[in-house]
1. Add -39500 (n - 2.57) for each DSSP H run of 4 or more in the chain, then divide by its residues: what number comes out at 222 nm, to the nearest 500 deg cm²/dmol?
2. Could you go through the range 264-272 in sequence order and give the Karplus-derived ³J(HN,Hα) for each residue, using 6.51 cos²θ - 1.76 cosθ + 1.60 with θ = phi - 60°, rounded to whole Hz, and x for Gly and Pro?
3. When DSSP assigns beta bridges and you keep just the ones with both residues in the chain, what percent turn out antiparallel, to the nearest 5?
4. Compute and list, largest first, the equivalent-ellipsoid semi-axes of the range 124-166 from the alpha carbon gyration tensor, each √(5λ) rounded to a whole angstrom.
5. From the phi of every residue in the range 57-72, what ³J(HN,Hα) in whole Hz does the Karplus formula 6.51 cos²θ - 1.76 cosθ + 1.60 yield, where θ is phi - 60° and glycine or proline is x?
6. With the other protein chains left in place, how much accessible area per residue, in square angstrom, belongs to the chain at a 1.4 angstrom probe?
7. Round to the nearest 10 and report in Å² the accessible area of Val280, as given by a 1.4 Å probe over the protein chains' heavy atoms.
8. One quarter of the convex hull surface, Cα atoms only: what value does that give for the range 145-192 in nm²?
Amino acid sequence: MYPWLESVFTQLQTSYQQQRFHHAQMLYGMAGVGKLEFAHTLAAALLCKQAGTSLVACGQCKSCLLLEADNHPDKLLIAAESQSISVDAIRSLNDFIFHSAQQGGNKVVVIDGIEKLTESAANALLKTLEEPAKGRYLLLLCNDTARVTATVLSRCNKMNVAVVDGRGVEQWLAEQGVHTGQYPWVSQFISQPLLLLRWAQAQQLGDIDALWQQAQRLGEGVNSDTLSKALQADTSLVKIFCGFAVAAINAKMASGQLDFIKAQAAITSVRRFSVDQQTVLGLNLALSLSRLCYQLQQTLR
């Protein structure tokens, strides 16, 4: 278990030992904090034949061996296909949850991205949340609770999975061989240690640093072709670059280099570009980026 998750685990362990463990646990927090890994750890404990009240899997019983082989019949993982979780997926969950456990113990469902439920899917889930069967547990993962319907939220026990000790994370990253001290932007992602680890393992830290440096020069004129090639190579970095750009604009405003009105106009342009890239199918990234760079050069100069 990742060290920054221990406080959340302790709370859940206490509630489990006191028989107050809620059947629907919503684990919410930023991407890259380890919610899915944590949910798998909890699921293993809930399914383990030897765990008792410890909420720690033994790793040796038949249930644990089935989980290790990714072949446990009483565990179900549901994740979003494309941008949403369909009502059919939730109907299959309802069928799964109300049938007898093949191993004679608990049954566990993990839903990765509960905020991506369609309206009909959320409504279909309510019956299971309202009428929990004994020994049935739902672990619901969420990056943004604001996007979850109130009816679903109100029927879950909500646990914030977050980093509370940045120095501890830096030490953990160093133990993994990830040394981030040379990058001034790392502090923006210290609450997402697994994201930093993934970038390091993919040897992307230098590429992301180049995006940060480009964001600092947006008002001076940026080579949008070079920037476009970098973002087209990994479109997931579009959101990261936009975050750098907004931070740079706010820094200029805070230092008195930019007035409030111009700063807000520039930030609006960046956010519009980011949203369009995520929602408009077939949008030409190079053309949109060129337009953004021109707009920012005119606004920030």
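The values are calculated or read from the model by the stated rules, or taken from the named source; none is laboratory data. The structure displayed is predicted, hence computed values, not measured ones. Don't worry about glycine lacking a Cβ; one is built from the backbone with ideal geometry, like all the others, and counts go over all protein chains shown. Side chains are part of the model used for accessible areas, which takes the heavy atoms of the whole protein and leaves out ligands, DNA and RNA. Shrake-Rupley method; radii C 1.70, N 1.55, O 1.52, S 1.80 Å.
1. -16000 deg cm²/dmol
2. Couplings: 5, 5, 5, 5, 4, 4, 5, 5, 5 Hz.
3. 5
4. 24, 14, 7
5. Going residue by residue, I get 5, 6, x, 10, 6, 4, 4, 5, 5, 5, 5, 4, 7, 6, 9, 8 Hz, with x marking Gly and Pro.
6. Value returned for the chain: 52 Å² of accessible area per residue.
7. Roll a 1.4 Å probe over it and Val280 shows about 70 Å².
8. With the hull built on Cα positions only, its mean projection is 4.8 nm².
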